[in-house]
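The values are calculated or read from the model by the stated rules, or taken from the named source; none is laboratory data. Just so it is clear, the structure is predicted and the values come from calculations on it, not from any experiment. Using ideal geometry, Cβ is built from the backbone for each residue, glycine included, and neighbour counts are taken over all protein chains shown. To get the accessible areas, we keep the full protein, side chains included, count just its heavy atoms, and leave off ligands, DNA and RNA. Shrake-Rupley method; radii C 1.70, N 1.55, O 1.52, S 1.80 Å.
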Amino acid sequence: FADLVLETWDLQCERNGREHRTAEMGCQQLVVRRGQPFTITLHFSGRSYEEGVDKLAFNVETGPCPIETSGTRSHFTLTDFPEESGWSAVVQQQDEDSISISLCSPPSARIGRYSLTLETSTGYEGSSYHLGEFFLLFNAWHPEDTVFLRDEDERHEYVLSQQGLIYQGAYSYITSTPWNFGQFEGDILSICLELLDTNPKFLRDQNQDCSRRNDPVYIGRVVSAMVNCNDEDRGVLAGRWDDHYEDGTSPMAWIGSVDILKRWKEFGCQPVKYGQCWVFAAVACTVMRCLGIPSRVVTNYNSAHDTNGNLIIDRYLSETGEEVRRSRDMIWNFHCWVESWMARPDLDPGYDGWQALDPTPQEKSEGVFCCGPAPVRAIKEGDLQLKYDLPFIFAEVNADVVYWVVRSDGSEKKSTHSSVVGKNISTKSVGRDSREDITHTYKYPEGSDKEREVFAKAEHEKRSVQEEDEGLHLRIKLSEGANNGSDFDVFAVITNSTDTERVCRLMLCARTASYNGTVGPQCGMKDLLNLTLAPQAEERVPLRILYENYGENLTLDNIIKVVALLTEYQTGDVIVAIRDVYIQNPDIKIRILGEPMKNRKLVAEISLVNPLAAPLNNCVFLVEGTGLTDGQQVKELEEPVEPQAEAKVRLDFVPHQSGLHKLMVD
């Protein structure tokens, strides 16, 4: 027999992409999921493959130092049946001069970029052909993959969906921000793999790092560390929370992960400026989804940052409601992290499923700024000894906040108010643009026997911070919507549920604030020295907050913090109430002109009405989404937008794939 000569071959990128749900990554590269067969076709010249005469074998290799024992290299021959524990090649179909072969990796294979080589031999003569490269991802559709997710709708939402919502605002006023995760957009997969190859563990020991890339727990920990740059590890994002973003991009201006990841790559893996918690979480979610791990962004309202692990956050206020002592312990209006779905074979049974991963740099874990993966089930049950970083995340959703009022003589009075931490934990619903409340997955109902049992198990007796009910109750209410550019009212509502008259001092103070709890200048104040409360009565005290007082100092978080202190003269007791008022920006409207058809240009009209009494100058619309020809687009307005006038721009986009298309506008 003459030698078997390979003439051409076809990696069938398009067909394999469809079958492996990776077609949106483009048909120019082969992207497949582990444990699932993919087909290649070989064309020979002169004669066809003869079973029993010719031998065909394949080599697959990943990483800079592929080794069989590390799982980063495999040599396997053509067989009759697939091999479940390793790589396999099986003849699928044979014609005169071509043969289709089904290749399959084990469901525990290392993910990454692979090279594929064919070895042919007839008798003692042999040849080797480099067939090209392919990418191997985790497979949420394979029952034996450690990221297997049973529900198809959830797989679609948490692996395949490129758009989503991130929840922000405040506990009492939840807002949603659209986000373009864009995990299938051009170059994102290679950028995500470069992120893995830039991490310090890889640089320290390339062989060991690549051999551990079959484990989503390991990958999650690496991604959590690499999305921030606090370890000087060439991470993706630099964080900043002080409203000074002149040398970069404001965290509030991002509306998608693609632009951030591409900038990181283009700038030689230098950190992109700037991110805050939702940006860190969203970029990490993009990377995890891109690699095939089901992931979602979650938001925790009234989120505690407990640095000393005692589950108590002490706050000190002056008698005018001003914070007088700043501790490292903080309460954030909201805090975002990522949940990723995976098995935890490294732990006892019962902790598979959603794992919390937090890429925002807060505390070090094993010497590195990363957090998780922590089983959400373990957080709920108070199993704080498990890996990774359970005590910190447990405190984020469970710590108590105690307010102390520091009097002019330096003495401190404990308030009867306890701010509840860990409220309305939120994520986007599966298949719908609505909010799903997942608080019950993190904690038992407040005050329940089970909740107290969990605290005892967590080796922290939850000290009750509620004093005895003195019969006076204080809360802050908001008038109709607080819109940017408008004046509005807040009310201190005081209830005297006793049968005696009470005389009190009421201090009401409003300040602009950031979502991480820092406050700015005062923008409203009322001090009533002698407020008489009739028995069994309710009193409403208004505070008018004027745009001329808050407009210039409002941060990009759009929050005004209102503090009320009620001091009863007879007992000296102090009650504190705090409310974060979210100032609503005007809505941006998107109108599609024309009938949407695949591969035909459409025009989107984007508009916004200026609600302010002054013109808006140097306005820019940022637009992201599938179908845009150049990824993110920037539309600058040449003219100022006069008060109450409408700003309007148009842009072209092409629906290049079937299905739903979304535009994100900021």
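Below, the figures for the structure above:
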read-out	value
Distant alpha-carbon pairs in segment 280-408 (separation over 25 angstrom), percent	30
Counting all C-alpha pairs of segment 246-300, share separated by more than 16 Å (%)	44
CD proxy at 222 nm, helix term only [per DSSP H run n ≥ 4: -39500 (n - 2.57); per residue of the chain; nearest 500]	-4000 deg cm²/dmol
Heavy-atom accessible area order for 426, 408, largest first, 1.4 Å probe	408, 426
DSSP bridge pairs, segment 152-458: antiparallel proportion in percent, nearest 5	75
Modelled FRET efficiency - R0 41 Å, residue 497 with residue 175, Cβ distances, 0.05 increments	0.75
Ranked by how many other beta carbons lie within 10 Å on average, peptides 542-548, 471-477 from highest	471-477, 542-548
Estimated translational D of segment 152-458 in µm²/s (Stokes, Kirkwood radius over Cα pairs; 37 °C; 0.692 mPa s)	164
Counting DSSP beta bridges with both ends in the chain, the antiparallel % (nearest 5)	90
Descending Cα extents along the principal axes, the chain, whole Å	109, 62, 39
Rg/Rh (Cα only; Kirkwood hydrodynamic radius) as it applies to segment 1-152	0.97
Extension gain from residue 616 to residue 414, taking 0.36 nm per residue of separation minus the Cα-Cα distance	68.1 nm
Efficiency of FRET from Cβ geometry, residue 440 and residue 348, R₀ 25 Å, rounded to 0.05	0.65
Eligible lysines near residue 413 by straight Cα distance, threshold 29 Å, same-chain separation 8 or greater	423, 462, 477, 526, 561
Contour minus Cα-Cα distance for residue 77 and residue 151 (0.36 nm per residue)	23.1 nm
Accessible area in square angstrom per residue, segment 32-86, 1.4 angstrom probe	48
Range of Cα positions in segment 472-582 per principal axis (Å), largest first	46, 25, 20
Theoretical gain in end-to-end length, residue 2 to residue 652 [0.36 nm per residue, Cα-Cα removed]	228.2 nm
Rg/Rh (Cα only; Kirkwood hydrodynamic radius) as it applies to segment 129-286	0.99
Protection-proxy order for peptides 280-287, 166-173, each taking the mean of Cβ atoms within 10 Å per residue, highest first	280-287, 166-173
Per-residue HN-Hα couplings for segment 13-27 [Karplus 6.51, -1.76, 1.60; θ = phi - 60°; Hz; x = Gly/Pro]	4, 5, 5, 4, x, 4, 5, 9, 6, 10, 4, 5, 7, x, 9
Rg and Dmax [Cα atoms of segment 535-585; Å; Rg one decimal, Dmax integer]	15.0, 44
5 Å-binned pair-distance histogram of segment 207-344 (Cα, whole percent)	2, 9, 15, 18, 18, 15, 10, 7, 3, 2, 1, 0, 0
